[in-house]
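In what follows, a single structure is set out as structure tokens and then discussed.
Rule-based calculations on the coordinates, nothing more; no lab input. Just so we're clear, the structure is a prediction, and the values are computed from it rather than from any experiment. A quick note on method: Cβ atoms are made from the backbone with ideal geometry, for glycine too, and the neighbour counts reach across all protein chains shown.
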Ligand code: 13P
Ligand code: SF4
């Protein structure tokens, strides 16, 4: 019989303090995972879009920035990264000597796919004055070609700190890029990429839900199109959605981002109601890549120590610099 109290409280050793999992949320699989975690001296990091049962066994649940910050400071020997490939790669770049596991090796991202490193290098060659700002949703090879990395949570701060004499090239999300331009007033050359999930929300569908719930603030991710962002009361990263909804006096919110976010919001604000923003043609507000990870795959990857993230020494070295620059600028007051 496994002693739950002995295996649940690892989160308390990390900066983000979360209580142990409530017993009613534990099942045989999560108990196995918690035992494996102890045996491997592992940390489980989960993105806000992961299915609820993965979020429930994780030591830390957050946005891309929070996850990178946790990866940068963890003392664990094994990192189980419940998110998508570029996020696990970032953890590996920050921890080249540790084992980084991704439960499903095919968990990619449409933004990452939209920006092949060779095409970026071709564009960079056309203007030696480009200063390349890469959204963290890109491959390690693209990071290695970049000057600084941003997430949706710190992009405005980092672009504000970019050298004024350089021409800013922003890759690969044109929606996030155009939102950052609006916020900072800094012109940027935008790569033509998008998130296939966030572009499903339309002005028409959001206007309709606003009509149905006139008192509910609309909270949208900056990967949404401008037509949607302009209807939103708040545009922010997934983690900032949590603090916005906690602080707001409103009791109902319309959420325009991936569906996994609702589990996190409901957990953090149990007395409030969260309405998933409807899309126009389908109800496709789930990221097929994020949903490739399952609790079974989390257990299996820990048992087999596979699939692991491995990168060449040259990419590890080159990609580390822009990530460290991001973490440094992010930590400034
Ligand atoms: P956040 O960093 O805001 O969590 O966004 C990550 C992402 O992939 C959004 O689609
Ligand atoms: Fe990529 Fe979009 Fe999925 Fe986020 S939701 S991981 S940007 S495809």
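For the chain, what are the per-bin percents of Cα-Cα distances with bins 20 Å wide, up to the bin holding the maximum?
Spelled out bin by bin, the chain gives 32, 58, 10, 0 percent.
Rg(Cα) of region 249-318 divided by 2.2 N^0.38 Å?
Cα-based Rg divided by the globular estimate yields 1.63.
By counting other Cβ atoms within 10 Å of each Cβ, how are 156, 171, 61 ranked from fewest to most?
Numbers: 156 17, 171 28, 61 31.
Least crowded to most crowded, the residues run 156, 171, 61.
Take each of the peptides 139-149, 198-208, average the number of other beta-carbon atoms within 10 Å over its residues, and list them starting from the highest.
In descending order of packing, they fall as 139-149, 198-208.
Considering only DSSP beta bridges whose two residues both sit in the chain, what percent are antiparallel, to the nearest 5?
DSSP beta bridges in the chain are roughly 5 percent antiparallel.
So if we plug the beta-carbon distance of residue 161 and residue 269 into 1/(1 + (r/R0)^6) with R0 = 45 Å, what FRET efficiency do we get, rounded to 0.05?
0.90
Given the -39500 (n - 2.57) contribution per DSSP H run of 4+ residues, what per-residue ellipticity at 222 nm results for the chain, rounded to the nearest 500 deg cm²/dmol?
About -11500 deg cm²/dmol.
Rounded to a whole number, what is D in µm²/s for region 136-185 from Stokes-Einstein with the Kirkwood radius over alpha-carbon pairs (25 °C, 0.890 mPa s)?
For the chosen part, D equals 216 µm²/s.
How much length would be gained if the chain were fully extended between residue 182 and residue 291, taking 0.36 nm per residue of separation minus their Cα-Cα distance, in nm to one decimal?
Details: separation 109, 0.36 × 109 = 39.24 nm, distance 3.19 nm.
Answer, rounded to one decimal: 36.1 nm.
So what are region 171-330's ellipsoid semi-axes, whole angstrom, largest first, if each one is the square root of 5 times an eigenvalue of the alpha-carbon gyration tensor?
Ellipsoid semi-axes (Å, largest first): 30, 23, 16.
Remind me, what semi-axes does region 72-136 give for its equivalent ellipsoid, largest first in whole Å, using sqrt of 5 times each Cα gyration tensor eigenvalue?
Values: eigenvalues 160, 46, 14 Å².
Value: 28, 15, 8 Å, ordered largest first.
If you average the C-alpha positions of region 198-235 and of region 59-130 separately, how far apart do those two centres end up, in angstrom?
One Cα centre to the other: 28 Å.
Determine the equivalent ellipsoid of region 89-168 by diagonalising the alpha-carbon gyration tensor, then write out the semi-axes as square roots of 5 times the eigenvalues, largest first, rounded to whole Å. Can you show the working numbers first?
Details: eigenvalues 121, 50, 28 Å².
The three semi-axes for region 89-168 are 25, 16, 12 Å.
Evaluate the distance, in nm, between pseudo-label points positioned 7 Å from the Cα of residue 208 and of residue 314 along their respective Cα→Cβ axes.
Here the modelled spin labels are 5.2 nm apart.
Over region 118-264, what is the relative contact order in percent, taking alpha-carbon pairs closer than 8 angstrom and at least six residues apart?
Computed value for region 118-264: 18 percent relative contact order.
Would you mind estimating how fast region 90-234 diffuses translationally, via Stokes-Einstein at 10 °C and 1.306 mPa s with the Kirkwood radius over Cα pairs, in µm²/s?
Answer from the Stokes-Einstein relation: 96 µm²/s.
Using all alpha carbons of region 289-333, what is the percent of pairwise distances in each 10 Å bin, ordered from the shortest bin to the longest?
Once binned at 10 Å, the Cα pair distances of region 289-333 give 20, 27, 32, 20, 0.
How much FRET efficiency would the formula 1/(1 + (r/R0)^6) give for residue 199 and residue 106, where r is the Cβ-Cβ distance and R0 is 25 Å, rounded to 0.05? Show your work: numbers first, answer last.
Working: r = 22 Å, r/R0 = 0.87.
After rounding, the FRET efficiency stands at 0.70.
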